[in-house]
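Here the structure comes first, spelled out in structure tokens, and everything after it is commentary.
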Amino acid sequence: MPTILEVNNLVTRFYTLDGVVHAVNGVSFHLEEGETLAIVGESGSGKSVTMMSILGLIPSPPGKIESGEAYLYDGYERRDLLKMSDAELREIRGGQIGFVFQDPISSLNPVLTIGEQIAESLVRHLGLSREEARDRTIELLDLVGIPDPKARYRNYPHQFSGGMRQRVMIAIAIACGPKIVIADEPTTALDVTIQAQIVELFLRLQKELGMAIIWITHDLAVVSGLADRVLVMYGGRVAEVAPVDDLYEQPRHPYTVGLLGALPRLDSRESRRLVSIQGAPPDLLIPLKHCPFAWRCEYAFDRCWEEIPTLQPAGLNRKVACFYDLERGKPRHD
Amino acid sequence: MVARETTADSLLDVEQTWADRLAYWGRFWWRDRGGVLGMLMFLVVVFSAIFSPAISPYDPLQQNLRDSKMPPAWYEEGRWDHPFGTDNLGRDIFSRIVYGTRVSLTVGFFGVLIAGMLGLVMGAIAGYIGGRVDSIIMGVVNLVLSLPYLLFVVFIAAVLGRSLINVILIFGITDSPIFARVTRGEVLRLRESGFVESAVSAGATWPRIIFDHILPNLIGPLITLATFEMSRMIFYEAGLGFLGLSVPPTVPSWGNMLAAGRKYLTSSPWIATFPGLAIMFTSLGMNLLGDWLRDVLDPRLRRTRK
Amino acid sequence: MYRYFLAKIGQSVLLLFGVIVLVFFMVRLTGDPASLMMSRNASPEQMEAFRERMGFNRPVYVQFADFFTGALVGDFGNSLHFKSPALPLVLERLPATVQLAVVGLLIAMFIGIPLGLLGGFQPGSAIDSIGRGLALLGQSIPNFWLALIMILFFAVRLGWFPSFGRDRWDSVIMPAFVLGLPTLGQLVRLTRSAVLEIRSADFIRTAYSKGLEPRVIYAKHVFRNVAIPLVSVIGVQFGYMLGGSIYIESIFAWPGMGQLLEQAIGWRDFPLVQAIAVFTSVVVLALNIFTDLAYAIIDPRIRYGS
């Protein structure tokens, strides 16, 4: 599959009164057309900030994108999102790239009808008239599984349940036929049964509309049935990226091992204790000169305290940023 | 397991210089400059009230008709022995301003003390007991709060007559509903939050719950409110004085000075100007202080400081 | 929603009963309403005749029943000064007070809201500093003093506006500005903080993620949310201005209810004071209902109650 988005060496910092927060420290990855890439990590690992940076949604000040590239491909042409003007970026946002946010309760404007909130995107990007936008909005509401869409068009967010509001958010995200939908923890705030419905809806929409999805989450459990590839982030850096099955089968980064260990497994024969990862995530106020996971890593050795591991190929279609070779059980030599 | 370094050790990598620390404190003071300024202004007023006799060059009541309506020192006809000039009876305006702090602060302090204690008791009872008691207390509170406040204060002051005690009582009683409302709101919020419940289940008695758990949480919002309300009372006391409804006319208060100065507004404008500036100075200081306290003491606002 | 309003109206009727009770007992706070209303050098015979005429020698519950039933139909007895029914005298003064409050509110809104919006859009900018400074001044300047100072400068020195009365079209400007200044400050503060709060709301991030122009986001998504708290504050402030114009009306000789109140207190004409107090309370209570109604109309969360 051809690449649609390519991010190279992205660095984002926040200049606050308490000091400089090193939120994203050289993140690189790519996204292929029509695939689902899950970005997994603890809160503060930089997963949301990475995506917000790419689309100019970082509040600035205090946020500042220090360096990097983010190429959006259109056939053979590519354009760097980080070099675009605000006006150009606004064309992309909502047009080619849609968003779904975590909390559907607070993510919709309480004083505007949901119809209005979907339709305004259509008017903005597709240049539809109000009537056309209205008709299209009702189709979209139907598409995301909201019953009686004609009547619901005029309703306000507080008249919907949490799950239904998230469907409205999804309708906003897919309204203008985007190539990429970025879903930032879209199921975290919902009940478990509703979560499953929303995941299913995403899969159905992807099949019908063919967009690529970036699914940001801290929950590896959701990822297995959903993603094609997984990107694990830690301390504002990429720890490991791999196809989803390979990652579950054979994690190559000690942090991923920890994440999987923290996961209850239904398919496992022997009853295992849930393992939690010891220690706390790194303080992003301190610029690091060594592996950010070294404090919590049981395999850490001298080199891990001396330099920062970079992302290196490790098997087919996968990369890892670690000096220790988990497979062979000894430090990597390269 | 390689436990070679800890988080604290790696802090050594980034050494803090004196310049860094100075910059940090500088930022801290600059961020809170409003509060610092307000506190200084308030302290000036408190200082004047405590040391009035030492600060003021004259007895504030001493008349001297020969030197009446003398302009401030920087006017051509002014003299430095009466820096702010004299009033229609030749009394030294500076000394009267200094002594005026005593009336204003007395009214403000005792008014807020009474209002705060009454309100605290009413609000705590309403919030803690709830039910019928709550609806009766809050009914009265809402009645008073929905009235045109100034009109009723003027009305009561006119009925009761001019005296310091009356003024303090009027403000203390009419202002207590605001404290009651805030107290009740906090008590309800604290009751609903888990920790009072867990204290109850751990076997704490209710006086213990109130003194150990609820009161400490109430102090922040109440101190903030008290600052604003004290400023408001100083304001209203002067207003009543201006209408001739506050302390007796012989007492040097800013309101009385304004009322007297109003008659000589065009010929000797300084008589009314200085007490007004004094009220403004006090009120400005307390409002700055209150804004700052609200930011610092209110836990719900702490995160959203702008 | 209808039930919500029926409850509101019921509540206001209860409050009104409370006001009437309060006003009845307020003139009896000293124990003897006759000595309150008569001059000090009235003879015992004159006093007794006055008590007889006013019905003060009847049992208190009879007097109360009489006052209460009278108040319900707008009969507060005769004004002692004018020797004619009190309420019509108050109604006569209503238009002037309403005019003053409306103009004051308009000045406050047209200056305060834009300043608050601009300050909220660009916190820390020059216009934000101006707005916040004005808000702080509005809170801290005693309006009775500001009125005097404005007369001194703009009427006496510069001659731009008339210093008193209500005969010219521009007579209203100075008193309305002074009356509106605290409200102006409130509106700046409230608008500013509402913009800052809404600006960082999640749904604004959603609006940005749709690629909307910042202009559209502010005009549509931010402003509609900011307008909701503004409505209730404007309602409350309008009530405050109607009942709080006593200083301004008395200083500018503005022939409204505030001036009448000041005069009535001077004449010890307490039936007239009572009529003013009850009538103003009725107006303020009615205003509160309208404010709630307006609030419900613009906030869909209340309109389609959840």
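The values are calculated or read from the model by the stated rules, or taken from the named source; none is laboratory data. Bear in mind the structure is a predicted one, so any value in this text is a computation, not a measurement. Backbone-built Cβ (ideal geometry, glycine too); neighbour counts: all protein chains shown. These accessible areas exclude ligands, DNA and RNA; they are computed on the full protein's heavy atoms, side chains included. Shrake-Rupley method; radii C 1.70, N 1.55, O 1.52, S 1.80 Å.
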Using each residue's phi in segment A:191-208, evaluate 6.51 cos²θ - 1.76 cosθ + 1.60 at θ = phi - 60° and report the 3J(HN,Hα) Karplus result to the nearest Hz, with x for Gly and Pro.
5, 4, 5, 5, 3, 4, 4, 5, 4, 4, 4, 4, 4, 5, 4, 5, 5, 6
Given a 1.4 Å probe and heavy atoms of the protein chains only, how would you sort C:GLU213, A:GLU185, largest accessible area at the top?
C:GLU213, A:GLU185
Okay, helix-only estimate at 222 nm for chain C: each DSSP H run of n ≥ 4 adds -39500 (n - 2.57), divide by all residues, round to 500 deg cm²/dmol; what do you get?
-23500 deg cm²/dmol
Give the long-range amide H neighbours of A:ARG237: residues separated by 5 or more places, or on another chain, with amide H under 5 Å away, using H modelled in the peptide plane at 1.01 Å from N.
A:ASN25
Restricting to Cα pairs below 8 Å that are 6+ residues apart, what does the relative contact order work out to for chain C? Please round to a whole percent.
26 percent
³J(HN,Hα), Karplus 6.51/-1.76/1.60, whole Hz, each residue of segment A:281-286, x for Gly, Pro
x, x, 6, 6, 6, 9
Most fluctuating residue of B:ASP92, B:ASP81, B:ASP291 in a GNM of chain B with Cα springs under 10 Å: which is it?
B:ASP81
For chain A, what is the charge dipole size about the Cα centre, in debye to the nearest 20, if Lys and Arg each add +1 at the Cβ and Asp and Glu each add -1 at the Cβ?
320 debye
On a 0 to 90 degree scale, rounded to 10, what angle separates helix B:270-297 from the longest Cα axis of chain B?
0 degrees
Amide H proximity to A:GLU32 below 5 Å, modelled H, separation 5+ or other chain, gives A:ILE4
Please tell me the relative contact order of chain A in percent, rounded to the nearest whole number, where contacts are Cα pairs under 8 Å and at least six residues apart.
20 percent
C versus B: buried accessible surface, summed, Å² (probe 1.4 Å, to nearest 100)
3800 Å²
Amide H proximity to B:TYR58 below 5 Å, modelled H, separation 5+ or other chain, gives B:SER95
For the protein assembly as shown, with the dipole built from +1 on Lys and Arg beta-carbon atoms and -1 on Asp and Glu ones, taken about the Cα centre, which of B:VAL200, C:PHE5, A:TYR76 lies farthest toward the positive end?
C:PHE5
As I understand it, the value is the acute angle between the Cα axis of helix B:93-129 and the longest principal axis of the Cα atoms of chain B; what does it come to in degrees, rounded to 10?
30 degrees
Of C:GLN263, C:PRO85, C:LEU148, which is farthest on the positive side of the dipole of the protein assembly as shown, counting Cα position, with +1 on Lys and Arg Cβ, -1 on Asp and Glu Cβ, and the Cα centre as origin?
C:PRO85
Springs between alpha-carbon pairs under 10 angstrom, Gaussian network model over chain A: which of A:VAL123, A:VAL244, A:VAL144 fluctuates most?
A:VAL123
What is the helix-to-structure angle for C:173-199, meaning the angle in degrees between its Cα long axis and the longest Cα principal axis of chain C, kept from 0 to 90 and rounded to the nearest 10?
40 degrees
Size of charge dipole - the protein assembly as shown - debye, nearest 20, with Cβ of Lys, Arg +1 and Asp, Glu -1, no other charges
1820 debye
Which value, in square angstrom to the nearest 100, describes the accessible area buried between chains A and C on both sides, using a 1.4 angstrom probe?
2200 Å²
What ranking do A:103-110, C:80-87 get when scored by the average of other Cβ atoms within 10 Å per residue, highest first?
A:103-110, C:80-87
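Can you sort A:LYS47, A:LYS330 by solvent-accessible area, 1.4 Å probe, largest first?
Accessible-area ranking of A:LYS47, A:LYS330, largest first: A:LYS330, A:LYS47.
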Which whole-Hz couplings ³J(HN,Hα) result when phi for each residue of segment C:270-276 is put into the Karplus expression 6.51 cos²θ - 1.76 cosθ + 1.60, θ = phi - 60°, listed in order with x for Gly and Pro?
6, x, 5, 4, 4, 4, 4
